[in-house]
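Reading through the structure tokens given below for one structure.
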Amino acid sequence: MPVPQADAIVLFGATGDLARRMLLASLYFLDADGFLPPGFRIVATARTEMDTPAFLDVVRGALTERSEGVEPAVWARFCARLTYVAADATQAEGAARLCTALQGATSPFFYLAISPSLYERVTAALRAAGLVDDHTRIVLEKPIGRDLETSREINTALGAVFGENQIFRIDHYLGKETVQNLIALRFANTLFEPLWNNLTIDHVQITVAETEGVGERWPYYDEYGALRDMLQNHMLQLLCLVAMEPPADMEPDSVRNEKVKVLRSLRRVTRADVTDRSVRGQYTPGVVGGKAVEGYEAERGEKSGTETFVALRADIDNWRWAGVPFFLRTGKRMPEKRTQISLQFKPVPHSIFGLASTQDLVANRLVIDLQPDEDISLTLMNKAPGISQGGMRLQSMPLSLSLLRAYEGPGARRRIAYERLLLDVIHGDATLFVRRDEVEEAWRWVDGVADAWAEAKLTPKPYAAGSWGPSGAFALIERFGRAWSE
Ligand code: BG6
């Protein structure tokens, strides 16, 4: 049966940071570009007492902080769609207020931008209020749990109210243009796929570096750390998209089946090899972007054993990737914001060049920059220009495709990852959302790392804010005969 197009969103946690900065702005941009269905309604809800005009002031304030500005005609249309409801959605009375606000809407969807500890009570209240039927979609933010066990609890509680096809688990990285472009790069070109395996690729690196610190978010972050906050979800999703087999089509389950197979093939990290294969770090005071910044413990106000940096070697035990290490690293307070995937090809099997030129030889590398700039570059060996003593000299040059420049102007690539994802929920397309078994397989592997850390008593090593993490991160990759791509 076709999924009806949604005609309203109920946004829980509407006064929170995510809703204010990302979700409401995304809805506004979708409206500006004519993507919201006619008559589509936005019911924003949180416990804070305020009326709709006061809430709209907050939304407008957040929008004006952005470079795109606010267009009066779009803003007027957007305001007409939006109602703010002050309600405790875990209670019958709160759910009843939402019912009133939703009168006339036949297929609303619910977006829970709230703590997972409230999911069960909110969904139970929605069901009791008669707001859930077989088509009602529910959107969940990460973290879905803190480990396999707690993620199962959440998934089971939601499963009691919603079918799996009604649950849309967000990983906002999947909404990024650049991340989707990975699928296009791999499966809309014949060029790379025959080379995309252990016969040709030496290793893969995935770096997600942020200059921001944890700041005010530490009450959440301190419980999770970089492993659970970034690696369990965003980085493993990137790894899956790089490593998965070609799906038969872009249907949600075709893509998700392939990703799950990759997660299941990840070799478990154990107590015996965790020290060789992983590094935890925590930032201390330093300088980022020319500004002196505090260390993590000063932000938190006391000592902490939580990592703000993690680097590790992952191995995918299947035919395509056997023997190809995947080096992952992510950290806060790094020298620059950079999300990058780099595939290092093997060196030429035999050099026909003289000794001096052979020393110039650098193996090919495909670098996919996802943030802040969207760039794909392939390093190729060339003859160095001019004549030289003792034969031809060689040099490595990038063949570079700047997607940012290529897509300037009309048809420019979309701004906020959530825009794509919200539109997909409206149309009921779950391809870019994470299925229950994916989340749980990712936790199973991450739990293995966390358990091995605990058994080995591996504590975070300090690194100065503004550096590329503790020295152990360099030692880790060098131990396996490679170096981080800078
Ligand atoms: C979130 C994490 O999921 O992703 C944050 O909780 C992190 O800690 C953020 O800063 C990074 O997202 P982006 O889109 O800025 O790379």
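The values are calculated or read from the model by the stated rules, or taken from the named source; none is laboratory data. Quantities reported herein were computed from a predicted structural model and do not represent experimental measurements. As a convention, Cβ positions derive from the backbone with ideal geometry for all residues, glycine included, and neighbour counts pool all protein chains shown. In case anyone asks, the SASA skips ligands and DNA or RNA and just uses the protein heavy atoms, side chains included. Shrake-Rupley method; radii C 1.70, N 1.55, O 1.52, S 1.80 Å.
Computed quantities for the displayed model
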item	result
Length released on extending from residue 457 to residue 17, taking residue separation times 0.36 nm less the Cα-Cα span	154.9 nm
Order by protection proxy (mean Cβ within 10 Å, highest first), peptides 38-47, 97-106, 224-233	224-233, 38-47, 97-106
Lys, Arg +1 and Asp, Glu -1 on Cβ, resulting dipole of the chain about Cα centre, debye, nearest 20	960
Mean projection area, nm², convex hull over Cα of the stretch 245-357	13.4
Rh (Kirkwood; distinct C-alpha pairs) - the chain, Å	24.4
Rounded percent of accessible protein surface that carbon and sulfur make up, the stretch 99-195, 1.4 Å probe	52
³J(HN,Hα) computed for each position of the stretch 428-443 - Karplus, 6.51 cos²θ - 1.76 cosθ + 1.60, integer Hz, glycine/proline x	x, 9, 9, 4, 9, 10, 9, 7, 3, 5, 5, 4, 6, 5, 4, 5
Backbone HN-Hα couplings from phi across the stretch 79-88 [Karplus 6.51/-1.76/1.60, Hz, Gly and Pro as x]	4, 5, 7, 9, 10, 9, 10, 7, 7, 8
Extended-chain gain in nm, criterion 0.36 nm per residue less alpha-carbon gap, residue 397 and residue 479	26.8 nm
Hz values of 3J(HN,Hα) by residue in the stretch 30-46 - Karplus curve (6.51, -1.76, 1.60), Gly and Pro given as x	4, 5, 4, 8, x, 8, 7, x, x, x, 4, 10, 10, 10, 9, 9, 6
Sorted peptide list for 16-28, 177-189, criterion being average Cβ within 10 angstrom, highest first	16-28, 177-189
For residue 374, residues with placed amide H under 5 Å, excluding near neighbours	403, 404
Simple spin-label estimate for residue 264 and residue 48 in nanometres, 7 Å along Cα-Cβ	4.5
Farthest toward positive dipole pole in the stretch 320-360 [+1 Lys/Arg, -1 Asp/Glu at C-beta], among 357, 345, 334	334
Label point distance in nm, residue 273-residue 223, each placed 7 Å from Cα along Cα→Cβ	3.3
Packing rank of 353-366, 435-448, where each peptide gets the mean count of other beta carbons within 10 Å, highest leading	435-448, 353-366
For the chain, share of DSSP beta bridges that run antiparallel, in % to the nearest 5	60
Carbon plus sulfur fraction of accessible area for the stretch 309-423, probe 1.4 Å, in percent	58
Efficiency of FRET from Cβ geometry, residue 35 and residue 193, R₀ 41 Å, rounded to 0.05	0.80
Angle in degrees between helix 177-187 and the longest Cα principal axis of the chain, rounded to the nearest 10	60
Per residue accessible area of the chain, 1.4 Å probe, in Å²	44
Extended-chain gain in nm, criterion 0.36 nm per residue less alpha-carbon gap, residue 429 and residue 73	125.2 nm
Rel. contact order, % - alpha carbon contacts under 8 angstrom, at least six apart, the chain	19
At R0 = 45 Å, FRET efficiency that the Cβ-Cβ distance of residue 387 and residue 291 yields, to 0.05	0.40
